[in-house]
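Structure record follows, encoded as structure tokens.
Readers should treat all values here as calculations from the given coordinates under stated rules, not as data from a laboratory. Predicted, not measured: the structure shown is a model, and the values here were computed from it. Every residue, glycine among them, receives a Cβ derived from its backbone with ideal geometry; neighbour counts consider all protein chains shown.
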Amino acid sequence: MSGLLEGKRILVTGVVTDASIAFHAARIAQEEGAEVVLTGFGRLSLIERIAGKLPEPAPVIELDVTDQGHVDTLADRVREHTDSLDGVVHSIAYGPPGAFSFLDGEWADVATSVQVSAYSLKALTVACLPLLEPRGGSVVGLTFDAAVAWPHYDWMGVAKAALESTSRYLARDLGERGVRCNLVAAGPLRSMAAKSIPGFSELAQVWDHRAPAGWDLTDPDPAARGVVALLSDFFPRTTGEIVHVDGGVHMMGA
Ligand SMILES: NC(=O)c1ccc[n+]([C@@H]2O[C@H](COP(=O)([O-])OP(=O)(O)OC[C@H]3O[C@@H](n4cnc5c(N)ncnc54)[C@H](O)[C@@H]3O)[C@@H](O)[C@H]2O)c1
């Protein structure tokens, strides 16, 4: 039986530990037949070690989305491993500690949060366009539902609202060039990014009693499967969409 991503080539950003949503997206993509190239931020030897836990070997390319040199040379460096891409996973977010205090948040912290977590979706997608365009493709990012205000999430919530809007504008501008752009709005997961959110446990408690389909903070599989589904050919006319993979919390009133 052929896999959902058989013959596809996918660039996956955002692997830093084996709890990263990106790690599980890469794993499931490989299980579904894709060839995967990873990008890593900073600790490349650590990320290469984590990549070694994937079912198949995957090269790791360095990418700091705030480094214009990295972004400008990305396509050429990906070409050392594959001559085209069918999909790109954006699994990148960062907010400095000051971003998690709304009324005290300073612009420098907000600017960093928006640049790394939202503008980077545009930077990454445009950098990959030369590789995506010949055959068309799917860009998938990860958000934490920014339609509402959450405890403690503060300026990261604003950055996620910017990410959601960025995804819609990319979808608008790249549709006619054969590129779709969608997001998975995941429920809370105990990753490294989650550890840097003060009050994450309080935020996550909502999922104890409001998720009709159930939720496990230690299981990135559902979110990663959502990513792989959006990378596949099974959403051919879906773009600018946000698919909630959150146990149903987003639609509960109380
Ligand atoms: N964990 C959750 O509760 C949760 C819920 C919904 C959405 N998300 C989103 O999922 C995505 C992945 O997060 P995760 O939970 O897997 O955590 P993670 O810590 O494993 O991944 C975050 C990644 O962002 C990367 N990153 C940070 N700054 C970067 C930069 N300047 N350039 C390139 N990469 C950079 C980190 O290296 C890391 O790999 C993020 O967008 C996050 O907001 C997470």
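Within segment 144-175, the residues that satisfy the criterion of being among the small types (Gly, Ala, Ser) and either touching a Gly at 6+ places or on another chain (Cβ under 9 Å) or closer than 20 Å to Ala127 by Cβ (or both) are Ala146, Ala149, Ala159, Ala162, Ser165, Ser167, Ala171, Gly175. When each of Gly175, Gly187, Gly137 is tested for being more than 12 Å from the ligand (Cβ to nearest atom) and touching an Asp or Glu at 6+ places or on another chain (Cβ under 6 Å), the lone residue that passes is Gly137. Ser165 meets each of the listed conditions (1) surrounded by fewer than 16 Cβ atoms within 10 Å (Cβ to Cβ); (2) within 14 Å of the ligand (Cβ to nearest atom) apart from (2).
Somewhere in segment 227-236, is a residue free of Cβ contacts under 8 Å to residues at least 60 places away in the same chain and assigned to a helix (DSSP H, G or I)? For segment 227-236, residues free of Cβ contacts under 8 Å to residues at least 60 places away in the same chain and assigned to a helix (DSSP H, G or I): absent. Residues considered: Ala111, Ala93, Ala118, Ala123. Of these, the only one that is within 14 Å of the ligand (Cβ to nearest atom) and not in a helix (DSSP H, G or I) is Ala93. Which ones in segment 184-205 are assigned to a helix (DSSP H, G or I) and either of a type in the set (Gly, Ala, Ser) or buried (at least 17 other Cβ atoms within 10 Å of the Cβ) (or both)? Within segment 184-205, Ala193, Ala194, Phe200, Ser201, Leu203, Ala204 qualify.
Taking the criterion of being of a type in the set (Phe, Trp, Tyr) and either touching a residue at least 60 places away in the same chain (Cβ under 8 Å) or part of a helix (DSSP H, G or I) (or both), the residues of segment 153-183 that qualify are Trp155, Tyr169.
Considered as a group, the residues in segment 206-224 that are loosely packed, with under 14 Cβ neighbours inside 10 Å and closer than 25 Å to Trp155 by Cα include one that is farthest from the ligand (Cβ to nearest atom), and that residue is Asp208.
Here the condition is being under 20 Å from the mean Cα position of the chain (by Cα), within 18 Å of Thr238 (Cβ to Cβ) and not small (Gly, Ala, Ser); of Leu174, Leu189, it holds for Leu174 alone.
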